[in-house]
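Note sheet for the following structure.
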Amino acid sequence: MSATTVLAEPLPLRQAADRFPTVLWNDSADPDELAKSIEFGAVGATCNPVIALAAVKAHLDVWGPRIGELAELYPTASESELGWKVVEELSIEAAKFLEPAFDASGGRNGRLSVQTDPRLHRDADALVAQAVRFSGLARNIIVKIPATSVGLRAIEEATYRGVSINVTVSFTVPQAVAAAEAIERGLDRRAAEGLPDHEFGSVVTIMGGRLDDWLKAWTQKQRILVDPGILEWAGVAALKHAHRTFTERGFRSRVLSAAFRNHMHWSELQGGDLVVSPPFDWQLRINENGIVAEDRIDVPVDPEILDALMELSEFRRAYEVDGMTPEEFDRFGATVRTLRQFLEADEQLDRVVRDILLPPV
């Protein structure tokens with residue numbers, strides 16, 4: 001190296017990963033994106049029906065022939081069953097990328113999230129059975145179960161059975177706390193029975209951007225005018241409050257920030273012992289724009305902004321720990337919207353399989 005060589009500054013995501021306990025996960029199981037995200041410092045990845053559909057469409061040259069092979073291997077399998085076999089294979093391959101981080105962290109990180117089938121969202125036993133199955137696909141799998149009234153029962157039981165959990169379809173502080181408590185109950189039941197203890201690495205997602213989206217739709221429907229920009233802080237406020245609550249109560253799971261709509265869903269959470277999981281394109285934009293990573297997890301949302309948000313009854317029940325009951329989680333607007341989107345992605349994946357097996361003529 002010459003005396004005049006200037007070393008490039010690490011990219012913002014890499015700087016944050018090196019400086020803070022806040023860890024980066026890639027909100028995609030696409031192998032190309034995941035490999036690059038790991039260079040940025042990612043130590044985990046997530047998958048759901050929307051993400052899986054996008055990955056299959058982006059690599060139809062690979063998955064088209066593979067779906068044909070799977071159809072021959074499983075001649076009686078339905079389109080849906082074949083689609084989910086693709087999801088499983090995609091997840092197993094992605095999990096391999098994360099094994100070094102899994103080993104280095106003792107299982108706290110290095111996890112690949114697999115989503116339970118949203119069509120099972122009303123059946124706790126079916127969710128548990130699928131969670132146990134998915135957990136066996138690879139040693140570093142973490143399984144997504146929704147934070148609904150049914151899902152909470154499944155989260156506790158699956159934890160008890162040794163499954164690492166990533167709580168999904170979760171947008172609010174009361175959902176996050178209820179899910180963390182369900183994980184605690186499952187862990188306590190294991191301990192009471194003397195079952196083996198290990199690092200589960202479980203996380204509880206708050207989809208901050210989807211909370212923002214719902215509040216924007218709700219205020220419009222209610223004909224409530226809000227100062228521009230206020231609602232961009234709703235998800236951030238909920239995530240900060242949830243992290244503070246998890247810390248105070250000593251939960252063994254971590255908060256995870258997902259569903260990005262602005263860079264604050266990353267930048268405002270740095271410094272905390274939690275997970276941020278931006279889509280790959282958001283990672284590129286954070287790096288391209290040189291968003292500075294600062295320790296901001298304990299910096300409160302501006303009181304004037306929080307006061308304005310608290311004037312909205314829909315935000316209050318999303319922010320306060322006891323703002324909703326589990327039965328109300330099921331009817332919360334963001335829950336309904338997200339479950340519908342996941343179900344529609346399932347249907348679209350079925351159509352992709354159908355077009356490969358029965359191409360239009």
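The values are calculated or read from the model by the stated rules, or taken from the named source; none is laboratory data. Everything numeric in this text was worked out from a predicted model, so none of it was measured. Neighbour counts run over all protein chains shown; Cβ positions are idealised from the backbone, glycine included. The protein model used for the area step is the full one, side chains on, heavy atoms only, and it has no ligands, DNA or RNA in it. Shrake-Rupley method; radii C 1.70, N 1.55, O 1.52, S 1.80 Å.
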(message) Quick check: the distance between the Cα centres of region 299-338 and region 108-128, to the nearest angstrom?
(response) 25
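Over all distinct alpha-carbon pairs, what is the Kirkwood Rh of region 96-249 in angstrom?
On the way: mean 1/r = 0.0605 Å⁻¹.
Final number for the Kirkwood radius of region 96-249 is 16.5 Å.
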(request) Quick one: what are the phi-derived ³J(HN,Hα) couplings along region 190-206, Karplus 6.51/-1.76/1.60 with θ = phi - 60°, whole Hz, x for glycine and proline? (result) 4, 5, 5, 9, x, 6, x, 9, 7, 7, 7, x, 5, 10, 10, 7, 10
(message) Under the rule of at least 5 residues apart or a separate chain, name every residue whose amide H is placed under 5 Å from the amide H of residue 270.
(response) 296, 297
(message) Please list the three semi-axes, largest first and in whole Å, of the ellipsoid equivalent to region 222-361, using sqrt of 5 times the eigenvalues of its alpha carbon gyration tensor.
(response) 31, 22, 17
(request) Could you pull the accessible area for residue 263 with a 1.4 Å probe, rounded to 10 Å²? (result) 70
(message) Under 18 Å between alpha carbons: how many lysine pairs meet that in the chain, if sequence neighbours fewer than 8 apart on the same chain are excluded?
(response) 4
(message) Could you work out what % of the accessible surface of region 184-296 is carbon and sulfur, using a 1.4 angstrom probe and leaving DNA, RNA and ligands out of the count?
(response) 49
(message) Students often check this: by mean Cβ neighbours within 10 Å, which of 304-316, 58-70, 156-168 ranks highest, and how do the rest follow?
(response) 156-168, 304-316, 58-70
(request) With runs of 4+ DSSP H residues as the only contributors, calculate the mean residue ellipticity of the chain at 222 nm using -39,500 (n - 2.57) per run, divided by the residue total and rounded to the nearest 500. (result) -17000 deg cm²/dmol
(request) Kindly report the accessible area of region 187-338 per residue (heavy atoms of protein chains, probe 1.4 Å, no ligands, DNA or RNA), in Å². (result) 47
(request) Starting from the Kirkwood radius over alpha-carbon pairs of region 163-273, derive D by Stokes-Einstein at 20 °C in a medium of 1.002 mPa s and give it in µm² s⁻¹. (result) 143
(request) Averaging sequence separations of C-alpha pairs under 8 Å and six or more residues apart, then dividing by the length of region 210-361, give the relative contact order as a whole percent. (result) 22
(request) Please provide three numbers in whole Å: the alpha-carbon extents of the chain along the principal axes, with the largest listed first. (result) 66, 61, 54
(request) Give the residue from 318, 128, 207 lying farthest towards the positive end of the charge dipole for the chain; charges sit on Cβ (+1 for Lys and Arg, -1 for Asp and Glu) and the dipole is referred to the Cα centre. (result) 128
(message) For a quick size check, give me the Cα extents of region 279-338 along its three principal axes, largest first, whole Å.
(response) 42, 29, 17
(message) Could you report the accessible area of residue 205 in Å², rounded to 10, computed with a 1.4 Å probe on the protein chains as they sit in the structure?
(response) 10
